[in-house]
Ligand code: CP
């Protein structure tokens, strides 16, 4: 089996069957990271280029580790040291990369649609590693994988996504992903951070965090994206934390087996308290670990999977 698509640009586009295929493939790759010799020859001779136009710790590192664990040659382009700073356009960059015949390009771009544009110019697969406020598909896939692993299913789960929804590509991808897989998705956050019409993506909107987490199987806290706030959207960090921050007191409203997720990086003491982030319900580091397996699966299914 392989994905019947050239690129991975959105979760919105993916069918339930495709998400299940990616998750089952990731499951088969997960044990590679627990071996003494963490390498399989699947992508030997393939070249994967990681282009990050925005900062990243988890996504960039795990795409690179995934490529290397599959024996691909992984090249990292940091935009601050690339010819983009000399004014080269994304189209020219794409044409020049194409001339070097890569087998896959992973791109994070500050503009929504940047990876889609690159995909139109390149013959090789393009993987969106986060574009503007649009989508972060590999993050949502690792979140789905982590929840499925912890709960044994996704269908029928009650999933809360809380915080800075307006700036969150992770929220958009997860609303699409969890609703496609049959979960009930609720979003909650300051009214100024809830985009008008978000319900059309497949979720409901709840006003209070305490109300939202009653009966929740999964609570995903989102980072307040201070770098994208061009005007104040809440009175103060203290007030945000009091009303929309998840702490041990608010967590008492959730069922005892609730799973807490956060895509990272975490603003400790803002959207989540250190006790909850590091506590027994937290799957935050499982998300990071599973990210490598999910990204190995994406390379396998887009670059090196067996032909149908
Ligand atoms: N979750 C996530 O995208 O983290 P990074 O920005 O560190 O890649």
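Quick look at the numbers
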item: Residue that is surrounded by fewer than 20 Cβ atoms within 10 Å (Cβ to Cβ), part of a loop (DSSP other than H, G, I, E, B) and in contact with a strand residue (DSSP E or B) (Cβ under 7 Å, 6 or more places away or on another chain), where the choices are 279, 215; result: 215
item: Residue match in segment 55-67 (condition: more than 15 Å from the ligand (Cβ to nearest atom), assigned to a helix (DSSP H, G or I), over 23 Å from residue 13 (Cα atoms) and touching a residue at least 60 places away in the same chain (Cβ under 8 Å)); result: yes
item: Conditions (1) more than 16 Å from the ligand (Cβ to nearest atom); (2) free of Cβ contacts under 8 Å to residues at least 60 places away in the same chain; (3) part of a helix (DSSP H, G or I): number failed by residue 232; result: (3)
item: Residue satisfying condition, being buried (at least 18 other Cβ atoms within 10 Å of the Cβ), away from the ligand (no atom under 16 Å from the Cβ), closer than 28 Å to residue 180 by Cα and in contact (Cβ under 8 Å) with a residue 24 or more places away in the chain, within set 26, 72; result: 26
item: Qualifying residues in segment 29-44 (those that are more than 20 Å from the chain's Cα centre (by Cα) and in contact (Cβ under 8 Å) with a residue 12 or more places away in the chain) - the one surrounded by the fewest Cβ atoms within 10 Å (Cβ to Cβ); result: 41
item: Any hit, segment 168-178, residues being modelled with pLDDT of 95 or more and either in a loop (DSSP other than H, G, I, E, B) or assigned by TED's automatic domain parsing to the domain that holds residue 71 (or both); result: yes
item: Selection within segment 211-229 - more than 14 Å from residue 240 (Cα to Cα) and modelled with pLDDT of 95 or more; result: 211, 212, 213, 214, 215, 216, 217, 218, 219, 220
item: Test: residue in segment 78-89 that is within 16 Å of the ligand (Cβ to nearest atom), in contact with a helix residue (DSSP H, G or I) (Cβ under 6 Å, 6 or more places away or on another chain) and either not in a loop (DSSP other than H, G, I, E, B) or not assigned by TED's automatic domain parsing to the domain that holds residue 167 (or both); result: no
item: Sole exception among (1) part of a loop (DSSP other than H, G, I, E, B); (2) surrounded by fewer than 20 Cβ atoms within 10 Å (Cβ to Cβ) for residue 238, by number; result: (1)
item: Criterion violated by residue 151 - all others in (1) over 28 Å from residue 242 (Cβ atoms); (2) in contact with a helix residue (DSSP H, G or I) (Cβ under 9 Å, 6 or more places away or on another chain); (3) touching a residue at least 60 places away in the same chain (Cβ under 8 Å) satisfied; result: (2)
item: Residue in segment 250-269 that is farthest from the ligand (Cβ to nearest atom), counting only those that are within 23 Å of the chain's Cα centre (by Cα) and farther than 20 Å from residue 54 by Cβ; result: 258
item: Test: residue in segment 243-259 that is closer than 19 Å to residue 288 by Cα and in a helix (DSSP H, G or I); result: no
item: Selection status of residue 249, surrounded by 12 or more Cβ atoms within 10 Å (Cβ to Cβ) and over 27 Å from residue 58 (Cα atoms); result: no
item: Residue within segment 97-117 that is away from the ligand (no atom under 16 Å from the Cβ), within 18 Å of the chain's Cα centre (by Cα), touching a residue at least 60 places away in the same chain (Cβ under 8 Å) and not in a loop (DSSP other than H, G, I, E, B) present; result: yes
item: Candidate set from segment 118-137 (those that are assigned to a strand (DSSP E or B) and within 13 Å of residue 263 (Cβ to Cβ)); member that is nearest to the ligand (Cβ to nearest atom); result: 130
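Quick grid of which residues meet (1) in a helix (DSSP H, G or I); (2) within 16 Å of the ligand (Cβ to nearest atom); (3) closer than 21 Å to residue 229 by Cα:
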position: 139; (1), (2), (3): yes, yes, no
position: 143; (1), (2), (3): yes, yes, no
position: 150; (1), (2), (3): yes, no, no
position: 186; (1), (2), (3): no, no, no
position: 192; (1), (2), (3): yes, no, yes
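The values are calculated or read from the model by the stated rules, or taken from the named source; none is laboratory data. Keep in mind it's a predicted model, so treat the numbers as computed, not measured. Every residue, glycine as well, gets a Cβ built from its backbone with ideal geometry; the counts of neighbours run over all protein chains shown.
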